[in-house]
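The values are calculated or read from the model by the stated rules, or taken from the named source; none is laboratory data. Treat the numbers as computed from the prediction; the structure is a model and nothing was measured. Methodologically, a virtual Cβ is constructed for each residue, glycine included, from the backbone with ideal geometry; neighbour enumeration extends over all protein chains shown.
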Amino acid sequence: MYRIGPWILSLLAFVAISAVSLIGFSHHVEHDNPVLALELFPLNVEALLDVGSRQFVEPVAGDGLAGIAKQAQLMLSFNPGDARLYSLLGEAERRRSRQDDARAAFNRSLALTKTELHALHWALAQTQEAGDSRSLVDQMDALLRRWPDEIRASAPAIAMSFAAGERYDMLVQRLSVMPPWRSTLISKLAGNQATAVFAAQLLQDLAANASAVRPGEISNVVNGLLNAGKFEEAYRTFILTLSSKQLEVLGNVYDGRFTLPSTGTPFDWQIRDHPGVMFSYPGLHPGAPGHGMTLEFQQAPVRDLQVRQYLHLPAGNYALSLHATASAAVLPKGLLWSVRCVGSNAVFAELPIDQGSYPDHELSVDFSVPPNRCPIQMLRLSTKAVTNSWNDRYHGSLRFDAIKIVTRP
């Protein structure tokens, strides 16, 4: 019987170790240097996918496309279940204008994995061209569920593809069942000035169809519209997404008695915790009885107090009024309500609050909003402190209620 000599065994072991080392090093550099990785190990799938994705960013010559297709076919003989390789082959064939081969490769990819990213993008383009609205919605749903990172890049195309007609109605219907990508898509649409109005229309129609609209979605859209200078649309979106209970407290000042939880939108109360002050009002505890907002000062300086609400007042004459109750209030740097023009230094009204102790006092001040100069305003409670000096410590408590702005002759 023939025996393999020790030196042959050593040689075989050396070859095997060298091959394993080359394969290992190929995988080590497959993303940093995919070309080298393929030279070291021609069956490195990840390296080929990386080479293909990089070359497809720019136009590739025919020879290069043919080379990618040939390598993909070679690797498929060893990896017949890899949907990504079929997508790579499909893209190479598509760019070579071999549409039948491309279609076959992409369809094979989707047959293996319904959510393979590049094949799904191809299928979306094909479906859009064919005008199949139902399949387009289903494929978009599959894409955004499996690949949520695609939402940012896809949002502008979605706004264009589903702008009107049957497709728009189907998109609203799909959004109404709360897919996991809904809030993120609305946020990305709202953050783009070109698609913010489309996001607003979606929210308005969802609310009109009795679909639950989340406070965060409303806030994102309203803020996006304000940033885009779409003030009328921002206020309209706020109003049209209010519940019947919220509509009961709608006015020039929304919920001037602080009875409801904040929606978080700019046209609602935005009250932030502040060092040295404790806020209390029924809206902090849903279902709690009563009304009005109480400030308990903690014997500390108070600067940059954050109590505010955006207003949308047409040009005209108004009166700001409220009820105030004080208990041993010490306000060394003052405390005042003001109406200001957002985006400028214009102050239309200031209503200072007295120190001391007093029962339910009604305070008011008249003001005007000039025509064509200030489409959006802010009602704000603040002090005149410019530093946090402990020589200016606030004491006692104040309660505000029935804050309203009414028109006057």
### Task
Quick one: which residue in Gly343, Gly396 is under 16 Å from Gln309 (Cα atoms), in the same structural domain as Thr294 (by TED's automatic domain parsing) and among the small types (Gly, Ala, Ser)?
Gly343
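Residue by residue, here is whether (1) in contact (Cβ under 8 Å) with a residue 40 or more places away in the chain; (2) crowded, with 19+ Cβ neighbours inside 10 Å; (3) under 13 Å from the mean Cα position of the chain (by Cα); (4) assigned by TED's automatic domain parsing to the domain that holds Ala228 holds:
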site	(1), (2), (3), (4)
Leu120	no, yes, no, no
Gln126	no, no, no, no
Met140	no, yes, no, yes
Arg145	no, no, no, yes
Met160	no, no, no, yes
Ser183	no, no, yes, yes
Ala194	no, no, no, yes
### Task
Read through the list (1) at pLDDT 95 or above; (2) closer than 21 Å to Ser397 by Cβ; (3) surrounded by 15 or more Cβ atoms within 10 Å (Cβ to Cβ), then give the number of the only condition that Met378 fails.
(2)
### Query
Does the range 212-233 contain at least one residue that is among the aliphatic types (A, V, I, L, M), assigned by TED's automatic domain parsing to the domain that holds Gly334, farther than 21 Å from Ile405 by Cα and in contact with an Asp or Glu (Cβ under 8 Å, 6 or more places away or on another chain)?
no
### Message
Just to check your reading of the model, which residue among Ser244, Ser187 is surrounded by fewer than 16 Cβ atoms within 10 Å (Cβ to Cβ) and either without any contact (Cβ under 8 Å) to a residue 24 or more places away in the chain or touching a helix residue (DSSP H, G or I) at 6+ places or on another chain (Cβ under 6 Å) (or both)?
### Response
Ser244
### Query
Residues that are within 30 Å of Asp50 (Cα to Cα) and not hydrophobic (A, V, I, L, M, F, W, C): which helices (runs of 4 or more DSSP H) entirely in the range 109-196 hold 1 or more of them?
117-130, 133-146, 151-161, 182-190
### Message
Quick check on my filter: what residues within the range 366-409 are of a type in the set (S, T, N, Q) and either assigned to a strand (DSSP E or B) or without any contact (Cβ under 8 Å) to a residue 12 or more places away in the chain (or both)?
### Response
Ser368, Gln377, Ser382, Ser397, Thr407
### Query
For residues in the range 231-274 being of a type in the set (S, T, N, Q) and not in a loop (DSSP other than H, G, I, E, B), which is modelled with the highest pLDDT?
Thr237
### Query
With respect to Val172, is the statement that it is under 12 Å from the mean Cα position of the chain (by Cα) and modelled with pLDDT of 95 or more true?
no
